[in-house]
Amino acid sequence: MAMDLINIRNLKTYFYQNKGLLSRIFGEGLKTVHAVDDVSLTIKKGRTFGLVGESGCGKSTLGQTIFRLVKAKSGEILFCDQDVLKMDSKTLMEFRQKAQLIFQDQYGCMNPRMTVGQTIAEPLLMREKGRMDKQALFEEVGKLLQAVNLDPDAAIKFPNEFSGGQARRIGVARAIALNPVFIMADEPTSGLDISTAATILNLMQDLQDEMDITYLWVSHNLNQVKYMSDDMAVMYLGKIVEMGKTRDIFNEMAHPYTKALISAVPQVSANKRKETVFLKGEIPSPINPPSGCRFRTRCPQTMKKCKTYEPSLTDLGGGHLCACHLHQAN
Amino acid sequence: MKKEDPLLEVSKLTLDYHLGARQMRALDRISFQLEKGEIMGVAGESGCGKSTLGLAIIKLLPKIANIRRGEILFKGRDLLKISENEMNQKIRGQKISMIFQNPQNALNPVFTIEKQMTDILRVQEKYKNREPRSSRYFREQAIERLKSTGIADPQARLSNYPFEFSGGMKQRVMIGMALSSGTSLLLADEATTALDVTIEAQINRLIADLAAEYGTSVLYISHNLGVLAELADRIMIMYAGRIFEMGATADLFDSPYHPYSAALLESLPSQQTRGKRLLSIPGFVPPLDQLPKGCSFHPRCPFAEDICKKEVPPLEQVTSGHFSACFLDRKRGRQKWQWI
Amino acid sequence: MNTTPSKIISNQMSLTPRWTETVSMAFRSIVKVKGGLLGAVFISIMLLCALCAQWISPHDPDAQNILQRFAGPGFAHLFGTDYLGRDIFSRIIYGCRIAVLVAFGSVTLSSVVGVFLGVIAGYNEGKKFDYFIIWLFDIVRSFPQIILALAIVAVLGPSLVNVVVALAFTAFPFYGRIARAQTLSVKEADYVKAAEAMGQKPLTIISKHITPNIMAPVIVCLGMDMATMVIWESGLSFLGLGVRPPTASWGIMLRNGYKYIQVSPWMILWPALAIAFAMIAFSLFSEGLRVALDPKERNR
Ligand SMILES: Nc1ncnc2c1ncn2[C@@H]1O[C@H](COP(=O)(O)OP(=O)(O)OP(=O)(O)O)[C@@H](O)[C@H]1O
Ligand SMILES: Nc1ncnc2c1ncn2[C@@H]1O[C@H](COP(=O)(O)OP(=O)(O)OP(=O)(O)O)[C@@H](O)[C@H]1O
Ligand code: SF4
Ligand code: SF4
Ligand SMILES: [Mg+2]
Ligand SMILES: [Mg+2]
């Protein structure tokens, strides 16, 4: 049985809007965005945890909260049994070198006034505390660039001189520079062509096999999550609605949202195409989430009790959890 | 019945980026036609010039780009000869609109979403020479646009700054700005990469509706072959600035002529199960100023023969409406390319 | 498996482009802007005058010649002479040195201090330090600038260094404000978060990632401010609170010329023209900078 690397318990991250005094007095008052609302999950060491869900449901926020880039409201994040949220600044810095992030915005995560070489060299220099032979540094950067299929000449260019996919690969190169034990990959291949994506997927799998890296894998590409991850969770509006082994979820999806999601996956070959479940109804906002089940405004199978009672995550057997009244005992 | 002229006709478009002394040929003799209401899917290796093609059509290329040759006929007029002024007032944002690949760069971090959306709407309105509208009108328009792309609670969201939006929400702002019934050509550059499949399906349906009802033609750039398969009428596969294969969607995906297209289809994760390695084409795309002689794909192509190293394979029609640029494709016919 | 060519060494063993390339790129983009070139030429002339005053000026600026008072422009004295018979042309050239020193000195001092405080305040938004800095900025800004400068010089005593310090003190909150506002938006950028996530130290983040990215508006402001500083130095000197006479300063020359305006209008005309020239030079240059630094005006 694999060890737990990250254990998240009842994590909540809220954002507040209308912070200004005037708008608080005269406007609609303080608004709260419930970006991550009471999420608990466990990521096993050396495994890949896939995270999927609607755009804006809080996946990136969850990832960034793990790194304390945004402030959590409550809950705990245990990394090797140490609570990240309670770390002092020195331990936090050590943790941040062991864990890395691949950002969703491939251009935004690079300083536009630094060359790509400098960007990739930054973590290397940090590890060596600034003392590193120029030649060695240069070669290391070249190797990292090649590892992600880029020309080493790219080092002296600036980020805006790259195509979207090339920029994305630079982000990957920077993240793997320090041989981290944990990588949160926020859509690491979106915008990449298939062949390059395949290279990156292979590369990341090799890294996992060799160095036992753990991934939190956020992606909209369900085929990819199916291919990459061992366990996965489906999020909707700040909450986890279904979680379990990837195989189980794809084979016996239980939650209506998961079903809609999987049915919408576009297929290349015509004979595999299924009927897409288009979700109708009002899209709820994380500022005023609906009462009861958060999916009820769009759920094709909504019932009366969904409006009043919030379904809790219940085990359907074998660690397959689902939060829906259809699958609850009573 | 006389066949209608194509809405867009690009012929022999050739473009270089000048980086100091280096000349990067980002587009090399690109020729294709786009009919009214047609959706053309564009796929290909990253860095092969897809975005550049889109930017060239809407004439928003960076200054270091230099169009060498070719023409872009839009409704019979060469866009390359139209003045910047006319482009701004009559064409960009009205007849031709583009959804940019990276919305984060297109949005200014220091202004609210409302300001940025209403500013663009205002400019569009101004050139339409209508009577002046109130700010209320523009605000409502902006709300309408956000709503059409599935952003919840748009009224409250308008006052947000870009960093308060998730990646997909920023992308939807850009989509909302580009989708309007008046456009005759929509350039969608990886418009839905940051969106989950349900929203993506919803937006793609919106685009399909535009094409079907208003006759908008779409150049749909995407790496997601699944999406292209469901949405596009025709597919264009590009590599290192050239078109490698072009044909009707079902035709091309079911039996590609070109070994590169075949490899793309083969590298999809859905074809493999967990644990197996994905096919990734060996080697990498050469820098665009050091392209090999002959077929630019030959160093990576396991089927390459002597002729591939010497001559550039021309893009030729193999069957009706299906073009391919490979010396071996006719010889092999529809036999499957055996990668791996 | 993947056959990657083992080409690691590129032609240039460095992670950055050569600095000469960067400088020439920046210069080229300034010069491309209409007026930017003119501004650059004007500023070069001023710098040349300031650096090589002793070789350019035909006469000693302080040499008096009672026999040649109030001479009009001519061959012996290009711009004429003043009430002590000193050569006005030489004094203008030497005055340029003071103008340039004050402009660059005070602007550099105020922007360095202002940006430093502003960035740190912005990075610590909402903390006590931030409130303190904002309060400090606001207090300084609540005084009219020129009066504040007058008061400081009056207390410290008139001298070149004190003028620079006084002018810098009146201007630093403006830089601080700009820097703080810019920092607030830049620090939300993903590349700052990326550096944080890497475990980078806050000081490095501020110096490497934030400061370079907030400088564009600051630099534009710098150019504008230099023009203002030239005027204020003249103003202070005009009021007798600037540089000590007999040092040649345009403001002092104005003051003296003012007294003899009916005797010899040349004495006031030339320093006034010099000030206008400096103003135009700095304004044009800063406009060039603004366009050159605007990412929208550059490629992509
Ligand atoms: N800094 C912030 N301030 C205020 N609200 C924020 C901030 N960052 C995110 N949000 C809000 O939190 C919610 C979740 O955003 P998040 O970026 O986590 O979504 P996501 O699941 O990553 O979506 P996507 O797939 O589109 O990237 C959104 O409603 C977003 O508007
Ligand atoms: N502003 C620029 N300066 C220099 N080179 C550029 C610039 N923009 C693009 N290029 C180069 O031109 C080539 C084509 O870029 P383009 O953005 O069109 O690729 P793309 O096909 O859209 O790739 P992706 O799928 O990764 O977005 C790339 O090799 C890129 O490095
Ligand atoms: S609890 Fe009710 S509304 Fe929610 S997903 Fe289940 S059936 Fe649908
Ligand atoms: S022309 Fe030759 S090298 Fe090019 S794709 Fe065809 S077989 Fe391969
Ligand atoms: Mg996200
Ligand atoms: Mg692109």
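Any cysteines in chain C with zero other Cys Cβ atoms under 4.7 Å from their Cβ? List them, or say none.
Cysteines lacking a close Cβ partner in chain C: C:CYS52, C:CYS221.
What does the C-alpha gyration tensor say about the overall shape of chain A? Classify as rounded when a/c is under 1.5, otherwise prolate if a/b is larger than b/c, or oblate.
On the way: a/c = 1.76, a/b = 1.47, b/c = 1.20.
Prolate, because a/c is 1.5 or more and a/b exceeds b/c.
Go through chain A and flag any cysteine with no other cysteine's C-beta closer than 4.7 Å, please.
Cysteines lacking a close Cβ partner in chain A: A:CYS57, A:CYS80, A:CYS109, A:CYS299, A:CYS322, A:CYS324.
Once you charge only the Cβ atoms, +1 for Lys and Arg and -1 for Asp and Glu, what is the size of the charge dipole of segment A:139-212 about its Cα centre, to the nearest 20 debye?
Working: 5 positive and 12 negative charges, 47 e Å.
About 220 debye.
Dividing the alpha-carbon Rg of chain B by 2.2 N^0.38 Å yields what? Working shown, then result.
On the way: Rg = 21.0 Å, N = 340, 2.2 N^0.38 = 20.2 Å.
For chain B, the normalised Cα radius of gyration comes out at 1.04.
Using only C-alpha atoms and all pairs of different ones, pull out the Kirkwood radius for chain C in Å with one decimal. Please report the intermediate quantities before stating the final value.
Details: mean 1/r = 0.0459 Å⁻¹.
Kirkwood hydrodynamic radius for chain C: 21.8 Å.
What do you get for GluC sites (Glu not before Pro) in segment A:212-287 restricted to DSSP loop and a cutoff of at most 11 other Cβ within 10 Å of the site's Cβ?
Working: sites: A:GLU242, A:GLU252, A:GLU275, A:GLU282; in loops: A:GLU252, A:GLU275, A:GLU282.
Loop-located and lightly packed - A:GLU275, A:GLU282.
Report, in deg cm²/dmol and to the nearest 500, the calculated mean residue ellipticity at 222 nm for chain A, where each DSSP H run with n ≥ 4 adds -39500 (n - 2.57) and the sum is divided by the residue count.
Details: 11 runs with 106 residues, N = 330.
Helix contribution divided over all residues of chain A: -9500 deg cm²/dmol.
Putting +1 on Lys and Arg Cβ atoms and -1 on Asp and Glu Cβ atoms, find which of C:PRO61, B:SER31, A:THR32 reaches farthest to the positive end of the dipole of the protein assembly as shown.
Farthest towards the positive pole: C:PRO61.
Could you compute the longest span of chain B free of GluC sites (Glu not before Pro) located in DSSP loops and having at most 15 other Cβ atoms within 10 Å, not counting the site residues? It would help to have the intermediate numbers written out before the result.
Working: sites that count: B:GLU4, B:GLU305, B:GLU311.
So the longest stretch without any such site is B:5-304.
Select from C:SER249, C:SER207, C:SER57 the residue whose mean-square fluctuation is largest in a Gaussian network model of chain C (Cα-Cα springs shorter than 10 Å).
C:SER207
When only Cα pairs under 8 Å and 6 or more residues apart are kept, what is the percent relative contact order across chain C?
Working: 430 pairs, mean separation 74.4, N = 300.
Taking the mean separation of contacting Cα pairs over the length of chain C, I get 25 percent.
State whether segment A:142-200 is rounded, prolate or oblate according to the following rule on the C-alpha gyration tensor (a ≥ b ≥ c being the square roots of its eigenvalues): a/c under 1.5 gives rounded; otherwise a/b larger than b/c gives prolate, and the remaining case gives oblate. Don't skip to the answer; put the middle values down first.
Values: a/c = 1.60, a/b = 1.15, b/c = 1.40.
Oblate, because a/c is 1.5 or more while a/b does not exceed b/c.
Return the loop-located trypsin sites (Lys or Arg not before Pro) in segment B:121-225 (DSSP other than H, G, I, E, B) with at most 16 other Cβ atoms within 10 Å of their own Cβ; answer none if there are none. Mind dumping the intermediate values first?
Values: sites: B:ARG122, B:LYS126, B:LYS128, B:ARG130, B:ARG133, B:ARG136, B:ARG139, B:ARG145, B:LYS147, B:ARG157, B:LYS170, B:ARG172, B:ARG205; in loops: B:LYS128, B:ARG130, B:ARG133.
In loop regions of segment B:121-225 (DSSP not H, G, I, E or B), the sparsely surrounded trypsin sites (Lys or Arg not before Pro) are B:LYS128, B:ARG130, B:ARG133.
Order C:PHE277, A:PHE295, most accessible first, counting only protein heavy atoms with a 1.4 angstrom probe. Each step should come with its number before you reach the end.
Values: C:PHE277 65, A:PHE295 5 Å².
Order by accessible area, largest first: C:PHE277, A:PHE295.
With no solvent and one equal point scatterer per Cα, compute the Debye intensity ratio I(q)/I(0) for the protein assembly as shown at 0.06, 0.08, 0.10 Å⁻¹ and report its log10, rounded to two decimals.
One equal scatterer on each Cα of the protein assembly as shown leads to -0.51, -0.86, -1.23.
Mind checking which aspartates and glutamates have their Cα closer than 17 Å to the Cα of C:LYS34? Skip sequence neighbours fewer than 8 apart in that chain.
Partners within reach: C:GLU287, C:ASP294, C:GLU297.
Given Cα pairs under 8 Å that are at least 6 residues apart, what percent is the relative contact order of segment C:142-287? It would help to have the intermediate numbers written out before the result.
On the way: 138 pairs, mean separation 34.3, N = 146.
After rounding, I find 23 percent.
Quick check for me: using +1 on Lys/Arg Cβ and -1 on Asp/Glu Cβ, what's the dipole size of segment B:210-282 about its Cα centre, in debye to the nearest 20? Spell out each step's value before the answer.
Values: 5 positive and 7 negative charges, 92 e Å.
Using Cβ point charges on Lys, Arg, Asp and Glu, segment B:210-282 gives about 440 debye.
Using the Kyte-Doolittle scale, which helices in chain B average at least -0.5 and also have C-alpha atoms spread 24 Å or more along the helix axis, with helices defined as whole DSSP H runs?
B:197-214
Before anything else, pin down the relative contact order of segment A:153-269: Cα pairs under 8 Å, at least 6 apart, normalised by residue count, whole percent.
Values: 92 pairs, mean separation 21.7, N = 117.
Value for segment A:153-269: 19 percent.
Once you place label points 7 Å from the Cα toward the Cβ at B:LEU206 and B:LYS12, how far apart are they in nm?
Label at B:LEU206, label at B:LYS12, 4.0 nm between them.
Treating only the Cβ of Lys, Arg, Asp and Glu as charged (+1, +1, -1, -1), what charge dipole size does chain C show about its Cα centre? Round to the nearest 20 debye. List each step's numbers first, then the result.
Details: 25 positive and 16 negative charges, 92 e Å.
Its charge dipole is roughly 440 debye.
What angle, in degrees between 0 and 90 and rounded to the nearest 10, separates the Cα long axis of helix A:89-98 from the longest principal axis of the Cα atoms of chain A?
That helix lies at roughly 80 degrees to the long axis.
Apply the Kirkwood formula to segment A:101-195: the hydrodynamic radius equals the inverse of the mean of 1/r over all pairs of different alpha-carbon atoms; give it in Å with one decimal.
Working: mean 1/r = 0.0750 Å⁻¹.
Here the Kirkwood hydrodynamic radius works out to 13.3 Å.
What percentage of the solvent-accessible surface of chain C, computed with a 1.4 Å probe over protein heavy atoms, is contributed by carbon and sulfur atoms? Intermediate results must be reported in sequence, preceding the final value.
Details: 10190 of 14670 Å².
Percent of accessible area from carbon and sulfur atoms in chain C: 70.
Would you tell me the accessible area of B:LEU185, worked out with a 1.4 angstrom probe on the heavy atoms of the protein chains, in Å² to the nearest 10?
Near enough 0 Å² of accessible area.
Where does helix A:134-147 land angle-wise versus the long Cα axis of chain A, in degrees 0 to 90, nearest 10?
40 degrees
Counting helices only, and only those DSSP H runs with n ≥ 4, report the 222 nm mean residue ellipticity of chain C as the sum of -39,500 (n - 2.57) divided by its residues, in deg cm²/dmol to the nearest 500.
On the way: 11 runs with 199 residues, N = 300.
The helix-only estimate for chain C comes to -22500 deg cm²/dmol at 222 nm.
Filter the trypsin sites (Lys or Arg not before Pro) in segment C:93-144 to those in DSSP coil with at most 12 other Cβ atoms within 10 Å of their Cβ, and list the result.
Details: sites: C:ARG97, C:LYS127, C:LYS128, C:ARG141; in loops: C:LYS127.
Of the trypsin sites (Lys or Arg not before Pro), the ones in loops of segment C:93-144 whose Cβ has at most 12 other Cβ atoms within 10 Å are C:LYS127.
Would you mind finding the longest exposed-site-free stretch of chain C, with exposed GluC sites (Glu not before Pro) meaning DSSP loop and at most 16 other Cβ atoms within 10 Å? Can you show the working numbers first?
Values: sites that count: C:GLU125, C:GLU188, C:GLU297.
By the stated rule (loop sites, at most 16 other Cβ atoms within 10 Å), C:1-124.
Given the -39500 (n - 2.57) contribution per DSSP H run of 4+ residues, what per-residue ellipticity at 222 nm results for chain B, rounded to the nearest 500 deg cm²/dmol? All intermediate terms of the calculation are to be shown ahead of the outcome.
Working: 12 runs with 106 residues, N = 340.
Value at 222 nm, helices only, nearest 500: -8500 deg cm²/dmol.
Leaving out ligands, DNA and RNA, what percent of the accessible area of segment A:93-241 is carbon and sulfur, probe 1.4 Å? Write out the running numbers ahead of the final one.
On the way: 1840 of 3940 Å².
Here it works out to 47 percent.
How tilted is helix C:19-32 with respect to the longest principal axis of chain C? Cα atoms for both, answer in degrees (0 to 90, nearest 10).
60 degrees
Just check segment A:39-149 against the gyration tensor rule for me: Cα atoms, a ≥ b ≥ c as the square roots of the eigenvalues, rounded for a/c under 1.5, and otherwise prolate or oblate depending on whether a/b exceeds b/c.
Numbers: a/c = 2.08, a/b = 1.58, b/c = 1.32.
Because a/c hits 1.5 or more and a/b exceeds b/c, segment A:39-149 counts as prolate.
Which lysines have a Cα less than 22 Å from the Cα of B:LYS147, not counting those fewer than 8 places away in the same chain?
A:LYS31, A:LYS59, A:LYS280, B:LYS115, B:LYS170
With a 1.4 Å probe, what is the total accessible area buried between chains A and B, in Å² rounded to the nearest 100?
Answer for the A-B pair: about 4900 Å² buried.
What do you reckon, how do A:ASP212, A:ASP37 stack up by accessible area (1.4 Å probe), largest on top? Mind showing how you got there, number by number?
Working: A:ASP212 70, A:ASP37 10 Å².
Sorted descending by solvent-accessible area, the residues read A:ASP212, A:ASP37.
When the Karplus curve 6.51 cos²θ - 1.76 cosθ + 1.60 is applied with θ = phi - 60°, which whole-Hz ³J(HN,Hα) does each residue of segment A:241-249 get, with x for Gly and Pro?
So the J values, rounded to whole Hz, are 9, 8, 8, x, 5, 4, 4, 4, 5.
The values are calculated or read from the model by the stated rules, or taken from the named source; none is laboratory data. Given the structure is predicted, the values throughout are model-derived calculations rather than measurements. Counting neighbours? That spans all protein chains shown, and the Cβs are built from the backbone with ideal geometry, glycine included. What goes into the accessible areas is simple: the full protein's heavy atoms, side chains included, and nothing from ligands, DNA or RNA. Shrake-Rupley method; radii C 1.70, N 1.55, O 1.52, S 1.80 Å.
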